[in-house]
Amino acid sequence: MPTRNLSIMFTDIKGFTARTNQETRQGLVNLLKKHDRLLLPVIRYFDGHVIKTIGDAFLVRFESATDAVLCGLAIQEVLRQFNATAAKEEERLKVRVAINAGDVELKDGDVLGEAVNIASRLEGATEAGEVYFTEAVYLAMNRTEVPSAEVGEKIFQGIAQPIRVYRVVQDPTSDQARRLAQCVRLLPSGPVIHGYREKTAASRPGWIWASGGALAALVAVVVFLRFGPREPVPEPLWARPAKLLEAGESLEALNAVHEALLKEPADTKLRDIALTAATQYADFLEKERSPGDALAWLRGQLDQKRYLAPLEERLQLLDARVSMADAMENRRASQDVTLHAWELARKYPKNAAVPYEMGLLLRKRYIVEVIVPLFEEALERGLPANEEMFKACTESLSRNGPEDSNSNQAHDLLRTHFAKERLAWAERSLREGQGLEVLNAWKIVREERHALAQDDGYLKLVLAASGQGDKESIEALLSKGEPARRTQAAAVLKAALEEKLIPMPHDAAVQDALLKYGPPPEAPKEGM
């Protein structure tokens, strides 16, 4: 097989294996398309040749060590510009770039050799957003073009000698950073680079190539003396599990990872793949079989494989789901089911997902009032606020009077976590709502000193619903003004009577006004 001295680059996306558990299959496809659209034009500009892709990883070869390092720096600049426009943290791409140089063997379009193996190991030690490279690259590149700093010596599994590692210094205030930002532009169609290299590889004078060859030979001697003779090395141990996982074979991927971890127990990439594979297979069991099957399987895996310990919280959540489902199936009283939900929340006091999901399960039984405290507990444990929590609060405000304890809990949660959405809901409910939600909406606009709090009609309606309105004003609410406002007033006063918000004897005046001016009573439904 022919041997050449090349620079080898590995890139991969930080947290990609974790994303496979959160994204749909199509979402992952779109993520990888976006990744390729951003990186491939940069690699081509620096005369890089993509040997192969492994999931989210690129293996690239370069003739020039300088071009390889400059390419890594330009990749980070493109991603910096892309991430600056991303609306959400999960939309951002963070890539690590690792480069090594040395003799490689070319076979069937692939590259083999210890230089490749070292680059792969270095990629696992590289920080996201950084460009790391070895001493072999440092000796071969033009150091005036790229500011660098020594990271230190690192020991890699399977490599006899420690490797001295450097990184590109990315100083946003430097002349290099300003020039890079001017030459590298991210357009809607993709990255465009102009003028970053003074001359392309094809236009360099012959004497430069000659001196470059001598330097490459010198580097080869240094590497040989330091690391000894080369032998072809197999693909990284994580490659096969990653391919199985990408193909949807999560259990097979987990088994392959287990075998690989027996050889390299500290490999972080293997551990990431293991966590993703176990999560995906537990999801499959829960959906296709039962939560109980998923619980039993995951409990057994955690007993056998301690590297799956980060899934302990997932095990707790499955246990709570199974227990809650049994309680809801066998207990008729809502109070008993609610107490059981709180028992499970207390059983796992550090797990934010447990009280949240218990609230979601109770919502299926329309126990709206007890959901809000469970969601509040989840928030206190660190779970981010979401739309389900907002809906539960507004549902509670539609069922309870403004001074009810359940409403007060809902108001507190909305005030703390949904200030903007809370006011928008109040505006909409005052104009379009019915019943008790109108009274709770009034409480919000008054607290926020909104213009709607000055509306005389709403003010008189709220006074009437609390027993402070006189007979004439109550009758005016039901007999004068726009039809929609009269209908709304009737619904609010009726709900206030049903909830006993209007004290005696004022309730009699409201009842009389509703009989005289309110809508006709609903006809009884068939079968009643």
Problem set entry | Criterion: at pLDDT 90 or above and assigned to a helix (DSSP H, G or I) - qualifying residue of ALA277, ALA260 | ALA277
For this session: Could you identify the single residue in GLY48, GLY27, GLY102, GLY72 that is without any contact (Cβ under 8 Å) to a residue 40 or more places away in the chain, of a type outside the set (Ser, Thr, Tyr) and surrounded by 23 or more Cβ atoms within 10 Å (Cβ to Cβ)?
Result: GLY48
Problem set entry | The listed residue being over 22 Å from ALA125 (Cβ atoms) and touching a helix residue (DSSP H, G or I) at 6+ places or on another chain (Cβ under 6 Å), out of ASP47, ASP108, ASP36, ASP67 | ASP47
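Yes/no per residue for (1) polar (S, T, N, Q); (2) modelled with pLDDT under 90; (3) farther than 18 Å from LEU362 by Cα; (4) surrounded by fewer than 14 Cβ atoms within 10 Å (Cβ to Cβ):
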{"site": "LEU295", "(1), (2), (3), (4)": "no, no, yes, no"}
{"site": "LEU298", "(1), (2), (3), (4)": "no, no, yes, no"}
{"site": "LEU308", "(1), (2), (3), (4)": "no, no, yes, no"}
{"site": "ALA327", "(1), (2), (3), (4)": "no, yes, no, no"}
{"site": "ASN330", "(1), (2), (3), (4)": "yes, yes, no, yes"}
Exercise. Does at least one position in region 444-464 carry a residue that is touching a residue at least 40 places away in the same chain (Cβ under 8 Å) and either small (Gly, Ala, Ser) or in contact with a strand residue (DSSP E or B) (Cβ under 7 Å, 6 or more places away or on another chain) (or both)?
Worked result: yes
Seminar exercise, completed: If we keep only residues of region 358-387 that are modelled with pLDDT under 90 and of a type in the set (D, E, K, R), then the residue surrounded by the most Cβ atoms within 10 Å (Cβ to Cβ) is GLU369
Exercise. For ILE99, which of the numbered conditions (1) closer than 20 Å to LEU73 by Cβ; (2) at pLDDT below 90 fails to hold?
Worked result: (2)
Exercise. Of the residues in region 159-176, how many are farther than 15 Å from ILE99 by Cα, surrounded by 11 or more Cβ atoms within 10 Å (Cβ to Cβ) and touching a residue at least 60 places away in the same chain (Cβ under 8 Å)?
Worked result: 3
Problem set entry | Qualifying positions in region 122-142 - more than 18 Å from ALA65 (Cα to Cα) and assigned to a helix (DSSP H, G or I) | GLY124, ALA125
For this session: With respect to GLU343, determine if the residue is crowded, with 20+ Cβ neighbours inside 10 Å, assigned to a helix (DSSP H, G or I) and of a type in the set (D, E, K, R).
Result: no
For this session: For ARG230, state whether it is surrounded by 14 or more Cβ atoms within 10 Å (Cβ to Cβ), under 35 Å from the mean Cα position of the chain (by Cα) and either modelled with pLDDT under 50 or in the same structural domain as SER64 (by TED's automatic domain parsing) (or both).
Result: no
For this session: Can you work out which of the residues in region 311-325 that are closer than 13 Å to PRO355 by Cα and touching a Pro at 6+ places or on another chain (Cβ under 8 Å) is surrounded by the fewest Cβ atoms within 10 Å (Cβ to Cβ)?
Result: ARG321
Exercise. Tally time: how many residues in region 383-402 are free of Cβ contacts under 8 Å to residues at least 12 places away in the same chain and more than 26 Å from LEU317 (Cα to Cα)?
Worked result: 0
Problem set entry | Residue satisfying condition, being among the hydrophobic types (A, V, I, L, M, F, W, C) and under 26 Å from the mean Cα position of the chain (by Cα), within set VAL50, VAL60, VAL95 | VAL95
Seminar exercise, completed: Heads up, the strands (runs of 3 or more DSSP E) in region 154-193 (entirely inside) with at least 2 residues that are under 30 Å from LEU261 (Cβ atoms) and of a type in the set (A, V, I, L, M, F, W, C) are 163-168
Exercise. Inside region 1-115, counting only helices (runs of 4 or more DSSP H) that do not spill past its ends, which hold 2 or more residues that are outside the structural domain of SER250 (by TED's automatic domain parsing), closer than 20 Å to ALA128 by Cα and charged (D, E, K, R)?
Worked result: 25-45, 65-85
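The values are calculated or read from the model by the stated rules, or taken from the named source; none is laboratory data. Being a predicted model, the structure only gives us computed values, none of them experimental. No Cβ is skipped: glycine too gets one built from the backbone with ideal geometry, and neighbour counts run over all protein chains shown.
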